[in-house]
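Undergrad: Pasting a structure here, questions to come.
The values are calculated or read from the model by the stated rules, or taken from the named source; none is laboratory data. Note that the coordinates shown come from a computational prediction; the quantities given were computed from them, not determined experimentally. Don't worry about glycine lacking a Cβ; one is built from the backbone with ideal geometry, like all the others, and counts go over all protein chains shown.
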Amino acid sequence: METKNLLNHEASRMAAFRLLSDCYFLPDPSLSEKLENLESNLANVCEPAAELIQSMRKEFQAKIDVEPLKVDFSKLFVGPYKLLAAPYGSVYLDGERKMMGDFKDAPDHISAELEFMYYLIFKEIEAFANSDTETAIGFIQKQKSFLEDHLMAWVPVFAKSIIESADKPFYSNLAKATVSFLKESHRVVCSVLEAGQQNSEKHVEINSLRV
């Protein structure tokens, strides 16, 4: 893949995590603008996920009344009885807190996990902007660890539960988009880390890193 402007790419990836996190809250009219922004950012970093969000956006805009989506949301993620798609990592990880170091106090709700990825990318971009490539690479490594040890260990199963139980395409598409974006983010961080390892110089040039 061609070398891209890493900071612009990462800014879009960061925003996408923040906006995707918001999609796992109870839907309200403000979600329309968030979906539009999410689609735009994902178009820069994960086209398959962007297409799924586009379908969600069209479905959302077509509904004058958001109550049917609220009902589906509650049935999937809230209850009051059995959760059809429990949005908590510990449910799928047999009670184990499979987190490392900085992650030990992170809440395990899907929205919080996605928000944490936003934070890690924010710190990565901040370090790159300060020409502190070593620190930036460290935050990319944290992203890789968090994706592998937690998010990607349970979100695919969580997404499968959504797809099997959702009444509306909206949340099925959200589940598929989330998994697609997580897989692409994992590919990105692995690619950047590999590029950094191949460069034996003490100071790695940002433009030499490939995504």
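Undergrad: Considering only the stretch 57-69, state which residues are more than 20 Å from GLU164 (Cβ to Cβ) and either surrounded by 11 or more Cβ atoms within 10 Å (Cβ to Cβ) or within 24 Å of the chain's Cα centre (by Cα) (or both). Reasoning before the result, please.
TA: Here is the first cut: in the stretch 57-69, the ones more than 20 Å from GLU164 (Cβ to Cβ) are 57-58, 60-67.
The answer is ARG57, LYS58, PHE60, GLN61, LYS63, VAL66.
Undergrad: OK, next. Select from the stretch 69-83 the residues that are assigned to a loop (DSSP other than H, G, I, E, B) and among the charged types (D, E, K, R) and list them in ascending order.
TA: Taking the stretch 69-83 first, the residues assigned to a loop (DSSP other than H, G, I, E, B) are 78-83.
Hit for the stretch 69-83 is LYS82, nothing else.
Undergrad: Going by the structure shown, is LYS34 without any contact (Cβ under 8 Å) to a residue 12 or more places away in the chain, within 18 Å of ALA177 (Cα to Cα) and out of contact with any Lys or Arg (no Cβ under 7 Å at 6 or more places or on another chain)? It would help to see each step written out before you state the result.
TA: Details: without any contact (Cβ under 8 Å) to a residue 12 or more places away in the chain: no; within 18 Å of ALA177 (Cα to Cα): yes; out of contact with any Lys or Arg (no Cβ under 7 Å at 6 or more places or on another chain): yes.
So LYS34 does not fit the description; no.
Undergrad: State all residues of the stretch 136-154 that are at pLDDT 95 or above and not aliphatic (A, V, I, L, M); if no residue qualifies, say none.
TA: Result: GLY138, PHE139, GLN141, LYS142, GLN143, LYS144, SER145, PHE146, GLU148, TRP154.
Undergrad: Do you know which residues across the stretch 1-46 are among the acidic types (Asp, Glu), closer than 24 Å to PHE73 by Cα and buried (at least 17 other Cβ atoms within 10 Å of the Cβ)?
TA: Correct list: ASP22, GLU39.
Undergrad: Take ALA49 and decide whether it is buried (at least 18 other Cβ atoms within 10 Å of the Cβ) and either in a loop (DSSP other than H, G, I, E, B) or modelled with pLDDT of 95 or more (or both). Outline the logic, then answer.
TA: On the way: buried (at least 18 other Cβ atoms within 10 Å of the Cβ): yes; either in a loop (DSSP other than H, G, I, E, B) or modelled with pLDDT of 95 or more (or both): yes.
Yes; evaluated as a whole, the condition is true for this residue.
Undergrad: If we scan the stretch 167-179, do we find a residue that is at pLDDT 95 or above, more than 15 Å from CYS23 (Cα to Cα) and small (Gly, Ala, Ser)?
TA: no
Undergrad: Which members of the stretch 146-197 meet the condition of being hydroxyl-bearing (Ser, Thr, Tyr), surrounded by fewer than 22 Cβ atoms within 10 Å (Cβ to Cβ) and under 20 Å from GLU39 (Cα atoms)?
TA: Looking only at the stretch 146-197, we keep the residues that are hydroxyl-bearing (Ser, Thr, Tyr), and these are 161, 165, 171-172, 178, 180, 185, 191.
Keeping just the survivors that are surrounded by fewer than 22 Cβ atoms within 10 Å (Cβ to Cβ) gives 161, 165, 172, 180, 191.
Those that are hydroxyl-bearing (Ser, Thr, Tyr), surrounded by fewer than 22 Cβ atoms within 10 Å (Cβ to Cβ) and under 20 Å from GLU39 (Cα atoms): SER172, SER180.
Undergrad: Before we move on, is LYS75 buried (at least 16 other Cβ atoms within 10 Å of the Cβ) and in contact with a helix residue (DSSP H, G or I) (Cβ under 8 Å, 6 or more places away or on another chain)?
TA: Details: buried (at least 16 other Cβ atoms within 10 Å of the Cβ): yes; in contact with a helix residue (DSSP H, G or I) (Cβ under 8 Å, 6 or more places away or on another chain): yes.
Here the answer is yes, as LYS75 does meet what is asked.
Undergrad: Something else now. Would you be able to tell me the number of residues in the stretch 63-87 that are of a type outside the set (D, E, K, R) and within 14 Å of SER30 (Cα to Cα)?
TA: Total meeting the criteria: 3.
Undergrad: Also, I was wondering about something else. Sort out which residues of the stretch 53-68 are part of a loop (DSSP other than H, G, I, E, B) and free of Cβ contacts under 8 Å to residues at least 24 places away in the same chain, and write them in order of number.
TA: Within the stretch 53-68, LYS63, ILE64, ASP65 meet the criteria.
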